[in-house]
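A.B. asks: Before I ask anything, let me first share the structure, which is written out below as structure tokens.
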Amino acid sequence: MATTQTSADVVIVGAGIVGSLMAEKIAQQGLSVLILESGPNIDRNHVVAKFRHGVDKGDYMAPYPYNDWAPEPRKFNDYFQNEGPVPYSASYIRGVGGTTWHWAGMAWRYVPNDFKLKTLYGVGRDWPFSYDDLEPFYYEAEVKMGVSGPEDNGSPRSKPFPMPELAPSWALSRVRDRLEGIGYKVIGNTAARNSQNYDGRPACVGNNNCMPVCPVDAQYHGGISAQSAKQAGVNIITEAIVYKIEHAKNSDKIEAIHYYTPNKDSFRVTGKTFVLAANAIETPKLMLMSKSDRFPNGIGNSNDMVGRHLCDHPRAKVSFEVDEPIWPGRGPMSEYSIQSERDGEWRSESAAFRIDFSNTNPVRGITDKLIKQGVYGEELEQQIRHKSAHSMGMKNIVEQLPDPNNRVMLGDRLDTLGIPNPKFYYSVSDYTRRGNARAREIFTTIAKRLGAKELSFSAEDKFSLANHITGTLGMGDDRATTVCNGEGRSHFHDNLFLAGTGVLPTVATVNSTLTAVAVGLRTAEFIIEDLV
Amino acid sequence: MSQYKEKAGISRRGFLTASAALSGLTLVPFASQAQAAATDAKAFNAFMALSQLITAKSDLNPALADTIYLSLAQQDEDFAARIKTLNAFVADHNLTSANLQARLDAEQPDVADLPRKLAKAWFQGIVGEGKAAKTISYSDNTLMYAAVADVLAPPSYALGAYGIWSSKPPQDV
Ligand SMILES: Cc1cc2nc3c(=O)[nH]c(=O)nc-3n(C[C@H](O)[C@H](O)[C@H](O)COP(=O)(O)OP(=O)(O)OC[C@H]3O[C@@H](n4cnc5c(N)ncnc54)[C@H](O)[C@@H]3O)c2cc1C
């Protein structure tokens, strides 16, 4: 095994959206920054071409390169091991830019009360800082990512969005008008999607392919963040699979990080400050793997909290036929939602949620079903048209409370480099199930209003998970139950910082990325303060 | 924008077909109707007759027809014989697209899989199952997207200029 040495002021693991945007900000202060990224570079046009040639167009991972030396969950590889009553599933991309290559671009802020769940409602945990503390960083993230949306969305703002709200689809306008009558306010989503030329990228042209890839970059993604980082002077080493964090011989300070190349040559990288931004599953894995005599539980894990408190959004779903042709599939895939259930007194008893309406082109799935039923000829064409025009799907982005038993662990299966796969214990509490039950009632009311036919609910004990992987590196003031403090600094290693969705101590009722970026940009300021 | 090159990616040849896809073409390998027909003219004609019944279209794209026929024949060595059997059965019993599948399931199960294969090829642009499945068309020529082409684009193709989705779509469906 060759051993070569590299060094930088700040060494970051993971060139995802959070690691890359932090790197850019730190490098702009004149510090040297090196990112170690496990995957290869990703080329958008190749991904688009592979999607068009692909057979399983519902598999959002299929168009992306797969490497068994940097594995990720795929249909074919059984990467996640599960031990709990509810199988945990998620998908992520290991490549420059990370998982936001395929996302829906939803870029929500939390609401202020999300930060003090314990104080206000006696459940979950409080954040180590308030909404107001994070507000300037939310704005900084929104400007970077090009976020647009309606001003009045439940999260107060000090400045307007950097661009106007996206033009609404016909479907949005119709559903909004009809639900107004029964007291539900429908709004367009806040999203990292251009409503005009912005930062060298064009406005959305309705490709309706936000997942698995926006073909024109009207939707922001981590590949763009990585490019900005490079322009700021950040050095990104690709195909560098980090497998060990090394501490100093006689202190708790982190001294180096070790990575493998795909051929298993090993390299050692030193630095002053280290940031782990390898996503909310791979980062805890890395910390748990880095055992030593001084730290037998792994790095940053002296209190056994790394990987615990795993939260996601175990959603309920419903689909039906609306009584008028709204024609979903024009505009972005995730376009509009209801905010009214995100906060309320009932939150001490039952989970809050946001309701999402689907605007995904439904033609493929509908045709599949009809052909399975043996419908042919003119009838087939007519039904494709009719069902596509009237199709509707809804989901609730439901809050799950942090439970220390729900966790990421090291599995016993190994990848080709000998690195363990992740293993999970995951369950869904009655608190969340009560939230889902309440959501089903609201789904029913809305469906009735929209003249629903062929109403179909997801099974009550089946959960559709949302890839909003949070809690596993949770921040907090209580050193006994959290992994890092409000700065993102490990409770046990002064020069080790954690970043990404894992540091969010609660999952709230929105997609996690904007908040993870805002928190990361805030953490970057503490890193800069340490070094400059 | 594409400074990034995927390493374990698409070969040059793959990229050329990919470019064709980018401009919205139907993906057809080099084959001619004559070549397809030369294999077994009666089978090819049976295939065309059944394709017309299943799609309710008389103006099916000939290049796509060749590709579908050749692909199905490649994947099933009895295809020519089976498609003729199916066609004869349909003609003898005056079957329509409405009763086709039910009658085959009950009376001619040996060829009851074929209508779905033809429908999948014409409407969804996919031939074959499982690992052998391949995409032969992904555009407005793919009939499920042709059916809605006045309102929707196949995902990944632009619908039109920014904001076009605000307009009122057809209501007579
Ligand atoms: C289908 C889908 C839709 C989504 N939609 C939304 C949405 O609409 N809104 C939203 O907010 N969120 C959405 N998400 C979630 C969003 O993608 C994640 O929250 C986001 O990517 C997290 O960013 P990150 O930088 O923490 O991690 P990632 O983007 O996962 O980046 C982590 C990086 O670390 C690298 N890495 C991992 N292990 C190692 C290692 N050992 N050594 C070196 N590098 C390593 C990875 O290769 C990767 O590049 C969606 C996710 C999916 C799958």
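A.B. asks: Could you pull the Rg and Dmax for region B:41-97, using just the Cα atoms, both in Å?
C.D. replies: Looking at region B:41-97, its Cα Rg and Dmax stand at 11.1, 30 Å.
A.B. asks: If you don't mind, another one. Tell me, what ³J(HN,Hα) does each residue in region A:226-241 have, in order and in whole Hz, if you take phi through Karplus 6.51 cos²θ - 1.76 cosθ + 1.60 with θ = phi - 60° and put x for Gly and Pro?
C.D. replies: Each residue of region A:226-241 in turn: 5, 5, 4, 4, 4, 4, 7, x, 6, 9, 10, 9, 8, 6, 10, 8 Hz.
A.B. asks: Using helices alone, I'd like the mean residue ellipticity at 222 nm for chain A: each DSSP H run of four-plus residues gives -39500 (n - 2.57), total over residue count, nearest 500. Provide the component values of the computation, followed by the final result.
C.D. replies: Details: 11 runs with 133 residues, N = 532.
Theoretical 222 nm ellipticity from helices: -8000 deg cm²/dmol.
A.B. asks: Residues in region A:339-356 near a label at A:I182, defined as backbone nitrogen under 20 Å from the 7 Å Cα→Cβ point?
C.D. replies: Only A:339-343, A:353-356 pass the distance filter.
A.B. asks: Roughly how big is region A:233-344's charge dipole about its Cα centre, with Cβ charges of +1 (Lys, Arg) and -1 (Asp, Glu), in debye to the nearest 20?
C.D. replies: Using only the charged Cβ atoms, the result is roughly 740 debye.
A.B. asks: Shape of region A:337-431 from its Cα gyration tensor (a ≥ b ≥ c, root eigenvalues): rounded if a/c is under 1.5, otherwise prolate when a/b > b/c, or oblate?
C.D. replies: Numbers: a/c = 3.81, a/b = 1.42, b/c = 2.68.
Oblate shape, in that a/c is at least 1.5 and b/c is the bigger or equal ratio.
A.B. asks: Find which of B:Q108, B:L50, B:G125 sits farthest along the positive direction of the dipole of region B:40-146, computed with +1 on the beta-carbon of Lys and Arg, -1 on that of Asp and Glu, about the Cα centre.
C.D. replies: B:G125
A.B. asks: Something else about it: Given region A:342-396 reduced to its alpha-carbon atoms as identical point scatterers, what log10 I(q)/I(0) does the Debye formula return at q = 0.15, 0.26, 0.29 Å⁻¹?
C.D. replies: -0.56, -0.99, -1.10
A.B. asks: Over the alpha-carbon set of region A:395-481, divide Rg by the Kirkwood Rh and report the Rg/Rh ratio to two decimals.
C.D. replies: On the way: Rg = 18.1 Å, Rh = 16.3 Å.
On the Cα set of region A:395-481, Rg over Rh gives 1.11.
A.B. asks: Which of A:T367, A:L34, A:G206 sits closest to the plus end of the dipole of chain A, meaning its Cα is farthest towards the positive end, when Lys and Arg get +1 and Asp and Glu get -1 on the C-beta?
C.D. replies: A:T367
A.B. asks: What does the charge dipole of region A:349-460 about its Cα centre add up to, to the nearest 20 debye, if the Cβ of each Lys and Arg holds +1 and the Cβ of each Asp and Glu holds -1? Write down the numbers at each step before the final one.
C.D. replies: Values: 17 positive and 14 negative charges, 43 e Å.
So the dipole magnitude of region A:349-460 works out to roughly 200 debye.
A.B. asks: Moving on. Charges on Cβ only, +1 for Lys and Arg, -1 for Asp and Glu, centred on the Cα centroid of the protein assembly as shown; of B:N87, A:S148, A:L410, which one is farthest towards the dipole's positive end?
C.D. replies: Result: B:N87.
A.B. asks: OK, next. About its Cα centre, how strong a charge dipole does chain A have in debye, to the nearest 20, once Lys and Arg get +1 and Asp and Glu get -1 at the Cβ?
C.D. replies: 720 debye
A.B. asks: Let me test this: with uniform point scatterers at the alpha carbons of the protein assembly as shown, what is the Debye-based log₁₀ I(q)/I(0) at q = 0.05, 0.06, 0.07, 0.08 1/Å?
C.D. replies: -0.26, -0.37, -0.51, -0.65
A.B. asks: Considering only C-alpha atoms, what is the centroid distance from region A:180-226 to region A:493-532, in Å?
C.D. replies: About 24 Å separates the Cα centre of region A:180-226 from the one of region A:493-532.
A.B. asks: For a quick check of your reading of the filter: which chymotrypsin sites (Phe, Trp or Tyr not before Pro) in region A:432-470 sit in a DSSP loop and have no more than 10 other Cβ atoms within 10 Å? Let's see the in-between values first.
C.D. replies: Values: sites: A:F443, A:F457, A:F463; in loops: A:F463.
Answer by residue number: there is no such site.
A.B. asks: At 25 °C and a viscosity of 0.890 mPa s, what translational diffusion coefficient does Stokes-Einstein give for region B:40-146, taking Rh as the Kirkwood radius over Cα pairs? Give it in µm²/s as a whole number.
C.D. replies: Numbers: Rh = 13.9 Å.
The calculation lands on 177 µm²/s.
A.B. asks: Obtain the radius of gyration and the Kirkwood radius of region A:95-218 from its C-alpha atoms and give Rg over Rh. Can you show the working numbers first?
C.D. replies: Values: Rg = 16.6 Å, Rh = 16.4 Å.
My calculation of the ratio gives 1.01.
Every number in this text was worked out from the coordinates using simple rules, so none of it is lab data. These figures come from a predicted structure and were not determined experimentally. Here Cβ is always computed from backbone atoms with ideal geometry, including for glycine, and neighbour counts include all displayed protein chains.
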